[in-house]
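The values are calculated or read from the model by the stated rules, or taken from the named source; none is laboratory data. Only a predicted model underlies this, so the values are computations on that prediction, with no experimental measurement involved. Don't worry about glycine lacking a Cβ; one is built from the backbone with ideal geometry, like all the others, and counts go over all protein chains shown. The protein model used for the area step is the full one, side chains on, heavy atoms only, and it has no ligands, DNA or RNA in it. Shrake-Rupley method; radii C 1.70, N 1.55, O 1.52, S 1.80 Å.
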Amino acid sequence: MTLILGLEGTAWNLSVALVDESDVLSEAVSTYQPKYGGIHPREAAQHHATEIKAVISRVFHKAQETNPEFSLGQIDGVAFSQGPGMGPCLRTVATAARALALALKRPLLGVNHCIAHIEVGRWQCKTNDPVVLYVSGANSQVLAYRAGHYRIFGETLDIGIGNALDKFARHLGLSHPGGPKIEALALQGTSYLELPYVVKGMDLSFSGLTTAAKETYDKMPGARADICYSFQETAFAMLTEVTERTMGHLGKDEVLLAGGVGANQRLQQMLQMMCEDRGGRFFVPAKKFLGDNGIMIAYLGLLMLTSGSITPIEQSQVRPNYRPDDVEVTWRE
Ligand code: AMP
Ligand code: MG
């Protein structure tokens, strides 16, 4: 058995977990909640710095509760999110990871956060070679594995879909995170209002849609639920279109949904319908694996360690713009 400690802290969620090949031993989370507005990178980093010691202690205590034999010496490696993410947050968590790896005398594993989302989904859903729709706060990408890399087949040209939802929600006076609140309001919407549907080739744009939704709300505040409904219908149809086209191009018949926005039931439903129409299969892991979590970081660290991809300390500097297609995938055929 290989046991990995994983540290996630790319944005507002600080999350630590212990994972082996078959199971999650323990996990602990502490989430930064902005007092107003969106995530402030330095405040989030300050939150992580203040909380990280307690969160790591909780993970070790919980591991001891489930398995009284557990000791720190059993940890085989320390994984952390090297990027992409907010610089100050990444640096805080990377510093803790380096210190732990040195103290435990174990290898360090610098993980690409996007690929961790993908691999935890493949692990949980037992899908082998899916087209992945990765939708989170900052990211919106359609990816698939080809010849040693996860290639990006389509992505947002401006903001991520989660950010778009959060910005629009803030305009409605709703607190962060806005995605679930928009989802709840959308359920009360009944009529579709035209909003910009922007797919350019295989890429997407959400900022025009967000601005148009805000302007529509300013003109018709009474239509709040209809605008939320129309926002979701438009944005999710765009994402579903690019996902379907990627399946067609590559001849793949499975879709895996990843990232925090993946919790949205309407998005899941659209992808499910699209897959059924094509005779394909749709997969989505349990909610706790969708948003940012330490489990996925530990799990990808495990795949990296067992396939020989360790990160020397000298190469462990954070990478706020780390692209998933930069990663050489050593753990797949
Ligand atoms: P992540 O960056 O992967 O942790 O995802 C966070 C993003 O997911 C935030 O932008 C949230 O607003 C969004 N989100 C979470 N739950 C939902 C939901 N049910 N519907 C839409 N967006 C959601
Ligand atoms: Mg994420």
Across (1) in a loop (DSSP other than H, G, I, E, B); (2) open to solvent by 50 Å² or more (accessible area, probe 1.4 Å); (3) in contact with a strand residue (DSSP E or B) (Cβ under 9 Å, 6 or more places away or on another chain), Ser22 clears everything bar (3)
Tally the residues that are more than 16 Å from ligand 2 (Cβ to nearest atom) and farther than 16 Å from Asp129 by Cβ, restricting the search to segment 248-278.
11
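With segment 102-178 as the region, which strands (runs of 3 or more DSSP E) entirely inside it contain at least 2 residues that are open to solvent by less than 40 Å² (accessible area, probe 1.4 Å) and closer than 22 Å to Ser15 by Cα? Working first, answer last.
Values: elements: 108-112, 131-135, 140-146, 149-155.
In segment 102-178, 108-112, 131-135 are the strands (runs of 3 or more DSSP E) which contain 2 or more residues that are open to solvent by less than 40 Å² (accessible area, probe 1.4 Å) and closer than 22 Å to Ser15 by Cα.
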Search segment 293-320 for residues being within 16 Å of ligand 1 (Cβ to nearest atom) and out of contact with any helix residue (DSSP H, G or I) (no Cβ under 7 Å at 6 or more places or on another chain), and hand back the single one that is farthest from Gly262 (Cα to Cα).
Gly294
Is it the case that segment 216-228 has a residue that's touching a residue at least 24 places away in the same chain (Cβ under 8 Å) and either on the phi > 0 side of the Ramachandran plot or open to solvent by less than 10 Å² (accessible area, probe 1.4 Å) (or both)?
yes
Qualifying residues in segment 132-174 (those that are under 21 Å from Tyr229 (Cβ atoms) and free of Cβ contacts under 8 Å to residues at least 12 places away in the same chain) - the one farthest from ligand 2 (Cβ to nearest atom):
Gly173
Determine whether segment 188-200 contains at least one residue that is more than 16 Å from ligand 1 (Cβ to nearest atom), of a type in the set (A, V, I, L, M, F, W, C) and in a helix (DSSP H, G or I).
no
